[in-house]
Amino acid sequence: MPERVLSLPGSTDQFVLTDRPAITLTDRYRPLPDGMTLGHATVVRAHQVRPGDIVVAFFTDDSGLRHAEHAPEAFTAHPRPLDTCPTQCEKCENLHAHGATADRYLCLDDADDHRDCVIVYRNTPVAIIPATTAGSLPPLDCAPLLPDLFTLDGSTFGPYEALPVSRAWSPWSAISVTRATAEQIAIDLLRSHAGRHLTCRWLHELLLISSDPRLRAEPGRPGRLIEPDVDGRYQIGGLWPWQEWSPPTCPDCSTDTEQIDVEGEKAWRCTAADCNRRIYSTGDPDDDKDLPPYTETETDGATIVYHGTDEIDIETTAELASQEEIHENGQEADEDDGLTCPNGNQSPECTEIDPCEACAQDADQEATMIEASMGLHNGTID
């Protein structure tokens with residue numbers, strides 16, 4: 001769908017509606033079902049949303065031209081006044097604690113097992129597919145579920161796609177993954193801190209994860225045997241804590257990053273137009289030593305050299321800065337070419353027979369230090 005510009009009665013703003021972003025590691029938007037498009041959408045105020053309307057997007061707070069901020073997952077509206085939350089979700093509790101009132105806010109949909117209530121200002125512009133139109137389109141649950149992403153706790157392995165987990169899920173709970181993902185977890189586990197006392201073996205369709213016999217809580221148990229469920233998925237968990245994955249933010253400006261590849265290594269680049277900082281690391285200090293270095297140019301033109309661990313290479317950066325300074329001053333001669341003294345003077349200002357004042361002082365200081373190191377400063381020579 002090409003970009004659409006919509007209007008809202010009573011507003012001079014223009015509302016730009018674009019296609020939903022494709023699914024990537026950083027853009028997590030569940031697609032609409034086949035046959036339902038944003039070409040069916042219109043814009044209304046939040047208090048004008050009716051039961052059965054499909055909420056697909058909100059909009060930026062700019063004035064004039066306002067761009068779509070797509071809902072991660074389009075949902076069917078069940079609007080109600082802001083009152084007591086039926087599920088006592090965290091979002092409602094926070095809003096009530098800060099004095100939110102029903103004359104300013106309303107709820108577009110109640111919390112479920114996966115998300116909190118959707119609370120917005122009453123006058124918030126909302127992109128919807130009206131219920132009268134949605135009734136003739138495929139239902140939302142026809143679209144494939146958007147997987148959740150997890151990593152092994154304390155490592156950079158992954159992320160691993162799993163079926164969405166409920167709000168009651170904890171890091172020690174199991175996640176549901178495919179056979180291919182389970183195989184990758186078994187490989188990465190043994191290279192991570194989380195699997196330091198574990199071993200993995202495949203027994204045809206079964207995955208056996210064993211712990212060091214000396215660390216078993218129940219002597220004699222061989223470990224945990226994981227078999228596929230009726231859908232061929234593996235429920236893995238309980239032996240180490242999972243960590244919900246999200247892309248790292250830029251350490252300089254806190255903007256979201258996007259994944260790139262640098263000489264075979266995964267890196268993350270800041271998406272801010274005036275930053276583009278790169279960060280990447282394997283999480284293993286020994287492996288990080290071998291990550292390729294990279295350079296960045298500051299706004300003032302200075303070149304900063306980074307180790308692969310994202311730490312500044314101070315020595316190389318300083319050397320580059322000195323070379324750039326020499327180049328700017330028009331002095332590109334090598335230090336050992338005999339034309340320039342250590343203090344930057346050339347003949348006839350400084351020669352071996354008639355050194356410049358700075359070199360003469362350096363020579364006197366060096367002689368004094370040598371005499372002191374030999375104990376000759378206040379003594380005599382036999």
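Of R115, R122, R80, all but one fail to be open to solvent by 60 Å² or more (accessible area, probe 1.4 Å) and under 23 Å from L8 (Cα atoms); the exception is R122.
Conditions tested, residue by residue: (1) small (G, A, S); (2) out of contact with any strand residue (DSSP E or B) (no Cβ under 8 Å at 6 or more places or on another chain).
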{"site": "C89", "(1), (2)": "no, yes"}
{"site": "H96", "(1), (2)": "no, yes"}
{"site": "D116", "(1), (2)": "no, yes"}
{"site": "I128", "(1), (2)": "no, no"}
{"site": "G158", "(1), (2)": "yes, no"}
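If the condition is being modelled with pLDDT under 75 and in a loop (DSSP other than H, G, I, E, B), then region 312-329 contributes only N329. Taking (1) modelled with pLDDT under 90; (2) assigned to a loop (DSSP other than H, G, I, E, B) in turn, D141 satisfies each apart from (2). Of the residues making up region 56-87, those that are under 30 Å from the mean Cα position of the chain (by Cα) and closer than 15 Å to D116 by Cβ are A71, P72, E73, F75. When T24 is tested against (1) open to solvent by 50 Å² or more (accessible area, probe 1.4 Å); (2) within 30 Å of R80 (Cβ to Cβ), exactly one condition is not met: (2).
Remark: pairs (first residue in region 118-146, basic (K, R); second residue surrounded by fewer than 16 Cβ atoms within 10 Å (Cβ to Cβ) and at pLDDT below 90; Cβ separation under 7 Å; 6+ apart in sequence or on different chains) = R122/R104.
Scanning region 261-274 for residues that are more than 12 Å from the chain's Cα centre (by Cα), at pLDDT 75 or above and either surrounded by 15 or more Cβ atoms within 10 Å (Cβ to Cβ) or farther than 16 Å from T297 by Cα (or both) yields a total of 1.
Please work out if L163 is open to solvent by 50 Å² or more (accessible area, probe 1.4 Å) and within 24 Å of C89 (Cα to Cα). The answer is yes for L163. Here is a check on your reading of the model: is E93 open to solvent by 80 Å² or more (accessible area, probe 1.4 Å), in contact (Cβ under 8 Å) with a residue 40 or more places away in the chain and not in a loop (DSSP other than H, G, I, E, B)? Taking the combined requirement at face value, the residue does not satisfy it.
Would you please name the residue that is nearest to D61 (Cα to Cα), looking only at residues in region 11-28 that are of a type in the set (S, T, N, Q) and over 20 Å from the mean Cα position of the chain (by Cα)? Residue satisfying both the conditions and the ranking: Q14. Residues that are within 17 Å of R233 (Cβ to Cβ), out of contact with any helix residue (DSSP H, G or I) (no Cβ under 9 Å at 6 or more places or on another chain) and without any contact (Cβ under 8 Å) to a residue 60 or more places away in the chain within region 149-175 comprise P164, V165, S166, W169, listed in sequence order.
Look at region 57-78: where a residue is of a type in the set (K, R) and a partner is not in a loop (DSSP other than H, G, I, E, B), sitting 6+ places away or on another chain with Cβ atoms under 6 Å, you get R66/F15; R66/F59.
Might you check whether a residue that is at positive phi and not acidic (D, E) occurs anywhere in region 66-73? The answer is no, given that none of the residues of region 66-73 is at positive phi and not acidic (D, E). The set of residues in region 125-158 being touching a Lys or Arg at 6+ places or on another chain (Cβ under 9 Å), open to solvent by less than 40 Å² (accessible area, probe 1.4 Å) and hydrophobic (A, V, I, L, M, F, W, C) consists of V126, I128, A131, L140, A143, L146, L149.
In region 88-111, the residue that is farthest from the chain's Cα centre (by Cα) out of those that are more than 26 Å from P139 (Cα to Cα) and among the small types (G, A, S) is A102.
Does region 284-304 include one or more residues that are part of a helix (DSSP H, G or I), surrounded by fewer than 16 Cβ atoms within 10 Å (Cβ to Cβ) and at pLDDT 75 or above? Looking through region 284-304, none of the residues is part of a helix (DSSP H, G or I), surrounded by fewer than 16 Cβ atoms within 10 Å (Cβ to Cβ) and at pLDDT 75 or above.
The values are calculated or read from the model by the stated rules, or taken from the named source; none is laboratory data. Since we're looking at a predicted model, the values are computed, not measured. Note that each Cβ is placed from the backbone with ideal geometry, even for glycine, and that neighbours are counted across all protein chains shown. Calculation scope for accessible area: heavy atoms of the full protein, side chains included, ligands and nucleic acids excluded. Shrake-Rupley method; radii C 1.70, N 1.55, O 1.52, S 1.80 Å.
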